[in-house]
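As structure tokens, the structure follows; a few thoughts come after it.
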Amino acid sequence: MNRFKLNDRMIPVMITLMLFAFMYSFGMFRYSNFTSPQVFFNLFIDNSFLIIVAVGMTFVILSGGIDLSVGSVIALTSMVAASLLLAGLSPIIVIPIALLVGPVLGFLMGCCIHFFNLQPFIVTLAGMFFARGLSFLISVETVSINDDFFRFMASTRIPIGNYFISTSVIIAIIVVCVAIFVAHYTKFGRNVYAIGGSEQSALLMGLPVGQTKILVYTVSGFCASLAGLVFTFYMLSGYGLHANGLELEAIAAVVIGGTLLTGGVGYMVGSVIGVLMLGTIQSLIAYEGSLSAWWTKIAIGLLLLLFIGLQRVIVHRNDKKKNTISLKDTEGSDQIAR
Amino acid sequence: MIEKAPILAMDGITKVFPGVKALSNVSFQLFSGEIHALMGENGAGKSTLIKVLTGVYPLDKGTVKLEDVPIVVQSPLHAQELGISTVYQEVNLCPNLSVVENIFIGREIMKNGRIDWKKMNDRAEELLSRLKLDIDVTKELSSYSVAIQQMIAIARSLNVSSKVLILDEPTSSLDVNEVNQLFEVINNLKKAGIAIIFISHFLDQIYEISDRITILRNGEYIGEHKTKDLPRLKLVSLMIGKELEEFDAQSENKDTGSEHGDKKEVFLETEELTKKGSIEPFDLKLHAGEIYGLAGLLGSGRTELARLLFGADKADSGTLKIKGKTTNLNSPKQAILNGVAFCSENRKAEGIIPDISIRENMILAIQGIKGWFNYIPIRKQIEIADKYVSLLNINPPNPEQLMKNLSGGNQQKVLLARWLITNPDLLILDEPTRGIDVGAKAEIQKLMLSLKDNGKSILFVSSELEEVVRCCGKIAVLRDHKKVSEITNDGKIDHQYIMQEIAGGNL
């Protein structure tokens with residue numbers, strides 16, 4: 001019984017994992033360089049900021065909402081960090097300030113969503129324009145960074161055997177672990193799932209719905225800012241056009257990772273695999289050489305379509321199962337088998 | 001019991017919504033260890049009273065005392081902390097979470113700053129075993145039937161050592177066995193000294209389980225009586241505020257003979273209509289000017305058949321003739337164009353649209369037929385809406401009121417109006433009277449009869465056999481997705497006879 005339930009819930013994640021494994025082995029089979037473990041580590045190095053954003057986005061989507069502002073928040077964070085460093089401030093002051101950008105914006109957006117009962121889509125869309133505009137207000141040019149600590153974070157390689165990962169990967173892994181704990185072992189995490197399942201019920205069960213919703217956007221904002229910082233380490237510059245459209249990639253990764261857009265169902269691990277999947281597609285197309293980079297977008301589009309279709313089928317099947325519960329066992333299993 | 005101080009005393013409760021006085025000067029007393037029924041028609045203010053008590057709505061005037069201490073309930077959570085828990089009509093749990101979580105969420109057992117799943121699982125099993133329920137608590141809520149979900153909701157409220165347990169229409173979607181199981185649980189809780197407020201439309205159940213009854217009407221307090229001292233008819237007349245004779249007279253003209261039905265033309269005929277897994281080959285002859293009843297237990301195939309006839313599901317085999325012509329109903333739209341209308345049993349999910357007005361809800365079906373480019377002028381719409389609001393006695397009598405502000409019975413009337421406007425030849429009514437009060441029921445039955453007299457056919461699905469017997473000329477009994485018998489209502493049969501048919505060979 002228990003095992004069946006686990007399988008049922010994990011199916012989308014498992015499918016993503018299998019597709020990821022399939023794609024990766026396809027790459028190893030086709031390109032000899034692809035077999036190097038470093039390629040795998042590079043997936044993490046190149047996408048650590050996306051993993052962090054996707055974690056925050058998973059919380060938001062689990063609660064039944066959406067956060068379109070994350071890409072802009074990354075740009076704003078990079079801009080704030082770069083310009084403050086340019087002004088001669090120490091990284092010890094700059095980093096906390098930069099890390100506050102997202103939570104403050106997220107908190108405000110969460111308040112709008114909760115207190116004025118507005119659509120998350122619209123509110124975070126406004127947040128997206130606001131943050132992007134603000135970063136250009138600071139400067140329309142690229143602001144490069146020469147700070148020692150930032151350089152250290154950018155260039156340090158942490159060896160694993162003969163291969164290496166970057167500091168940003170460590171940060172991303174910590175974020176993912178904390179997020180899994182929060183999602184499954186804290187009241188806040190469970191409340192997020194409950195609200196995504198049925199906000200009305202959550203309210204009547206006496207859960208702090210408003211508080212949780214505001215916190216969800218604050219957490220997403222924090223993840224975006226942290227990702228912004230990691231992105232800044234990676235680029236060593238602040239620029240208003242950084243991470244343009246990244247919010248959509250994050251949403252794609254979360255959905256591919258098996259989280260239902262309607263909320264209430266999904267796993268953090270799924271989102272991580274979702275990001276790795278997007279990264280693998282990118283690598284494959286880069287290795288192919290002759291293909292235009294835009295093929296990545298087409299592949300992502302097709303994948304998304306596949307997964308949304310898949311979710312539909314699973315939801316539909318569950319509905320059917322529910323309808324047949326009062327029927328005899330034989331008929332029930334018949335329905336499931338179909 | 002009288003000498004004891006009440007555990008809960010509500011006095012002079014007044015609650016005003018924009019344009020509606022939902023409660024005016026209502027009082028209510030509850031003693032521990034009693035089951036107190038709260039009775040009243042839909043819109044009488046029962047739900048509002050409960051919501052005020054549990055902190056969903058703030059109250060405008062009045063006092064609430066719990067164990068002689070005045071309290072102001074701020075939120076559902078606060079109510080739960082005070083020991084007042086509610087199990088609502090629609091199960092208000094999260095279908096995507098496991099059973100354990102639904103019992104504990106908001107009050108998780110923590111250990112070292114993390115949720116202690118193991119302990120919670122054990123405690124959940126223990127709680128459910130008190131309700132004589134042995135299920136896998138780690139499975140999702142949505143994998144269990146509504147009855148079990150209901151029990152889980154009760155287990156949730158038991159977990160907070162509640163003093164007052166409110167059950168708002170807990171039985172409306174349960175079958176007989178499940179109701180008995182639930183009543184056993186309720187009686188055990190009563191013995192344990194918990195004060196229980198019980199709300200139900202089923203008079204039988206009220207008389208079976210409750211000790212006292214408080215009656216509300218139009219938001220006003222009508223009276224409090226001991227159940228055993230209050231005859232049923234008296235209770236009904238107190239609820240609807242009409243004299244007994246009047247009510248009796250109303251129900252009298254419901255008896256119908258069916259003989260003349262056969263002479264009229266056949267409107268719809270099916271031969272061996274089948275859909276695998278939901279309905280076995282089914283023959284049906286439906287005449288114009290006939291009310292045809294479908295009786296059977298929940299899940300016996302009543303709704304499935306209704307959906308087939310409306311084209312909402314597709315038949316695998318068999319023929320369907322409308323007015324003698326073989327027709328394939330592939331979609332509801334085709335059915336509608338053929339003069340078939342369908343009032344779904346699930347009015348919340350498949351019927352009403354809560355955020356638009358009564359008028360807009362009414363106009364939907366007719367606009368659908370006319371096509372979206374053939375817009376019905378607003379003045380015409382208002383005219384139609386006004387007509388049906390007064391015809392069906394919809395309350396509040398304001399067509400611009402939002403649908404979500406209406407009580408269940410009135411929403412049902414609006415749905416009926418939606419289909420009546422299309423002037424259908426066949427009206428399929430799937431449980432039109434479920435969860436609505438006696439007065440509205442009588443009105444809906446009256447309406448069915450007048451439609452019949454105008455030569456319309458009605459396919460009537462209901463769990464209440466008395467109602468089926470009273471209204472229908474012919475009754476098909478379904479069991480396990482099969483028609484087991486067809487009864488002509490000659491005025492001599494009663495619901496016990498049908499009950500036997502339903503039970504059939506199983507006994």
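The values are calculated or read from the model by the stated rules, or taken from the named source; none is laboratory data. If you're wondering where the values come from, they're calculated on a predicted model, not measured in any experiment. Don't worry about glycine lacking a Cβ; one is built from the backbone with ideal geometry, like all the others, and counts go over all protein chains shown.
From A:Ile51, A:Ile15, which residue is at pLDDT below 95, under 25 Å from A:Leu303 (Cβ atoms), assigned to a helix (DSSP H, G or I) and of a type in the set (Val, Ile, Thr)?
On the way: A:Ile51 fails: at pLDDT below 95.
A:Ile15 is the lone residue from the list that is at pLDDT below 95, under 25 Å from A:Leu303 (Cβ atoms), assigned to a helix (DSSP H, G or I) and of a type in the set (Val, Ile, Thr).
Go over the candidates B:Lys441, B:Lys492 one by one and state the one that is assigned to a loop (DSSP other than H, G, I, E, B) and assigned by TED's automatic domain parsing to the domain that holds B:Val266.
Selected residue: B:Lys492, the only one of B:Lys441, B:Lys492 that is assigned to a loop (DSSP other than H, G, I, E, B) and assigned by TED's automatic domain parsing to the domain that holds B:Val266.
With the condition kept exactly as written, say whether any residue in segment B:45-67 is in a strand (DSSP E or B) and within 14 Å of chain A (Cβ to nearest Cβ).
First pass over segment B:45-67, keeping only residues in a strand (DSSP E or B): B:61-66.
Next cut, within 14 Å of chain A (Cβ to nearest Cβ) only: none.
No; the residues of segment B:45-67 include none that is in a strand (DSSP E or B) and within 14 Å of chain A (Cβ to nearest Cβ).
Can you tell me which residue in segment B:459-485 is nearest to B:Phe282 (Cα to Cα), limited to those that are part of a strand (DSSP E or B) and of a type in the set (Val, Ile, Thr)? First the steps, then the outcome.
The initial filter retains those residues of segment B:459-485 that are part of a strand (DSSP E or B), namely B:459-461, B:474-479, B:482-485.
Next cut, of a type in the set (Val, Ile, Thr) only: B:461, B:475, B:477, B:484.
On the way: B:Val461: 16, B:Ile475: 14, B:Val477: 12, B:Val484: 10 Å.
Ranking the qualifying residues of segment B:459-485, first place goes to B:Val484.
Taking B:Gly62 as meeting all but one of (1) under 17 Å from B:Glu224 (Cα atoms); (2) surrounded by fewer than 23 Cβ atoms within 10 Å (Cβ to Cβ), write down the number of the exception.
Checking B:Gly62 against (1) under 17 Å from B:Glu224 (Cα atoms); (2) surrounded by fewer than 23 Cβ atoms within 10 Å (Cβ to Cβ), the one that fails is (1).
Return the total of residues in segment A:59-84 being more than 27 Å from A:Leu248 (Cα to Cα) and surrounded by 24 or more Cβ atoms within 10 Å (Cβ to Cβ).
0
Of all residues in segment B:206-216, which are more than 22 Å from B:Glu67 (Cα to Cα) and crowded, with 19+ Cβ neighbours inside 10 Å? So that I can check it myself, show each step before the final result.
Step one: filter segment B:206-216 for residues more than 22 Å from B:Glu67 (Cα to Cα), giving B:206-209, B:215-216.
Hits for segment B:206-216 are B:Ile206, B:Ile209, B:Ile215, B:Leu216.
Looking only at segment A:143-187, which residues are part of a helix (DSSP H, G or I), loosely packed, with under 15 Cβ neighbours inside 10 Å and more than 14 Å from chain B (Cβ to nearest Cβ)?
A:Asp148, A:Arg151, A:Phe152, A:Ser155, A:Ile170, A:Ile174
List pairs: first in segment A:205-224 and touching a residue at least 60 places away in the same chain (Cβ under 8 Å) and closer than 30 Å to B:Ile84 by Cβ, second part of a loop (DSSP other than H, G, I, E, B) and of a type outside the set (Phe, Trp, Tyr), Cβ under 8 Å, 6+ apart or cross-chain?
A:Thr212/A:Ser63; A:Lys213/A:Ser63; A:Lys213/A:Gly65; A:Val216/A:Ser63; A:Val216/A:Gly65
Check segment A:251-260 and report whether any residue there is at pLDDT 90 or above and either in contact with an Asp or Glu (Cβ under 9 Å, 6 or more places away or on another chain) or among the charged types (D, E, K, R) (or both).
yes
What pairs can you find where one residue is in segment B:168-185 and part of a helix (DSSP H, G or I), the other is polar (S, T, N, Q) and surrounded by 17 or more Cβ atoms within 10 Å (Cβ to Cβ), and their Cβ atoms are less than 6 Å apart, with a gap of 6+ or different chains?
Partner pairs satisfying both residue conditions: B:Val179/B:Thr171.
Only one of these conditions is not met by B:Ile71: (1) on the phi > 0 side of the Ramachandran plot; (2) surrounded by fewer than 22 Cβ atoms within 10 Å (Cβ to Cβ). Which number is it?
Of (1) on the phi > 0 side of the Ramachandran plot; (2) surrounded by fewer than 22 Cβ atoms within 10 Å (Cβ to Cβ), only one is false for B:Ile71: (1).
Please state which of the following conditions A:Pro96 fails to meet, knowing it meets all the rest: (1) farther than 23 Å from A:Leu241 by Cα; (2) surrounded by fewer than 17 Cβ atoms within 10 Å (Cβ to Cβ).
Answer for A:Pro96: the failing condition is (1).
Among what's in segment B:2-44 and is at positive phi and surrounded by fewer than 21 Cβ atoms within 10 Å (Cβ to Cβ), pick the residue that is modelled with the lowest pLDDT.
B:Gly19
With the requirement that a residue be part of a helix (DSSP H, G or I), in contact with a Leu (Cβ under 8 Å, 6 or more places away or on another chain) and more than 9 Å from every other protein chain (Cβ to nearest Cβ), what does segment B:80-119 give you?
If the condition is that a residue be part of a helix (DSSP H, G or I), in contact with a Leu (Cβ under 8 Å, 6 or more places away or on another chain) and more than 9 Å from every other protein chain (Cβ to nearest Cβ), then B:Leu82, B:Val99, B:Ile103 are the ones that fit.
Identify, please: which residue in segment B:263-284 is more than 29 Å from the chain's Cα centre (by Cα) and basic (Lys, Arg) and is, among those, surrounded by the most Cβ atoms within 10 Å (Cβ to Cβ)?
B:Lys264
The rows are residues; the columns are (1) crowded, with 21+ Cβ neighbours inside 10 Å; (2) in a helix (DSSP H, G or I); (3) not aliphatic (A, V, I, L, M).
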site: B:Ile154; (1), (2), (3): yes, yes, no
site: B:Leu165; (1), (2), (3): yes, no, no
site: B:Asn188; (1), (2), (3): no, yes, yes
site: B:Ile197; (1), (2), (3): yes, no, no
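Checking the structure you have, find out if any residue of segment B:172-186 is in contact with a Lys or Arg (Cβ under 8 Å, 6 or more places away or on another chain) and of a type outside the set (S, T, N, Q).
yes
State all residues of segment B:295-332 that are in a strand (DSSP E or B), out of contact with any Ser or Thr (no Cβ under 8 Å at 6 or more places or on another chain) and hydrophobic (A, V, I, L, M, F, W, C); if no residue qualifies, say none.
Result: B:Ile322, single match.
Mind checking which residues of segment B:333-352 are assigned to a loop (DSSP other than H, G, I, E, B) and at pLDDT below 85?
B:Ser344, B:Glu345, B:Asn346, B:Gly351, B:Ile352
Looking at this structure, is B:Gly409 assigned by TED's automatic domain parsing to the domain that holds B:Ala295, touching a helix residue (DSSP H, G or I) at 6+ places or on another chain (Cβ under 6 Å) and small (Gly, Ala, Ser)?
The answer is yes for B:Gly409.
Residue pairs, Cβ under 9 Å, 6 or more apart or interchain, first in segment B:374-385 and more than 14 Å from B:Pro399 (Cβ to Cβ), second at pLDDT below 85. List them.
Short answer, once both residue conditions are applied: B:Asn374/B:Gln367; B:Tyr375/B:Gln367.
Among the numbered conditions (1) assigned to a loop (DSSP other than H, G, I, E, B); (2) more than 24 Å from B:Leu320 (Cβ to Cβ); (3) modelled with pLDDT of 85 or more, tell me where B:Val389 comes up short.
Going through the list (1) assigned to a loop (DSSP other than H, G, I, E, B); (2) more than 24 Å from B:Leu320 (Cβ to Cβ); (3) modelled with pLDDT of 85 or more, B:Val389 breaks only (1).
In segment B:122-167, what residues are within 11 Å of chain A (Cβ to nearest Cβ) and free of Cβ contacts under 8 Å to residues at least 40 places away in the same chain?
If the condition is that a residue be within 11 Å of chain A (Cβ to nearest Cβ) and free of Cβ contacts under 8 Å to residues at least 40 places away in the same chain, then B:Ile135, B:Asp136, B:Val137, B:Ser143, B:Ser145, B:Ala147, B:Ile148 are the ones that fit.
Looking at (1) free of Cβ contacts under 8 Å to residues at least 60 places away in the same chain; (2) aliphatic (A, V, I, L, M); (3) within 23 Å of B:Asn121 (Cβ to Cβ), which is the only condition A:Val178 fails?
Result: A:Val178 passes all but (3).
Take A:Gly206 and decide whether it is within 7 Å of chain B (Cβ to nearest Cβ), crowded, with 24+ Cβ neighbours inside 10 Å and more than 30 Å from A:Phe44 (Cα to Cα).
Taking the combined requirement at face value, the residue does not satisfy it.
Determine whether A:Val140 is surrounded by 21 or more Cβ atoms within 10 Å (Cβ to Cβ), of a type in the set (A, V, I, L, M, F, W, C), more than 14 Å from chain B (Cβ to nearest Cβ) and more than 30 Å from B:Ile166 (Cα to Cα).
It is false that A:Val140 is surrounded by 21 or more Cβ atoms within 10 Å (Cβ to Cβ), of a type in the set (A, V, I, L, M, F, W, C), more than 14 Å from chain B (Cβ to nearest Cβ) and more than 30 Å from B:Ile166 (Cα to Cα).
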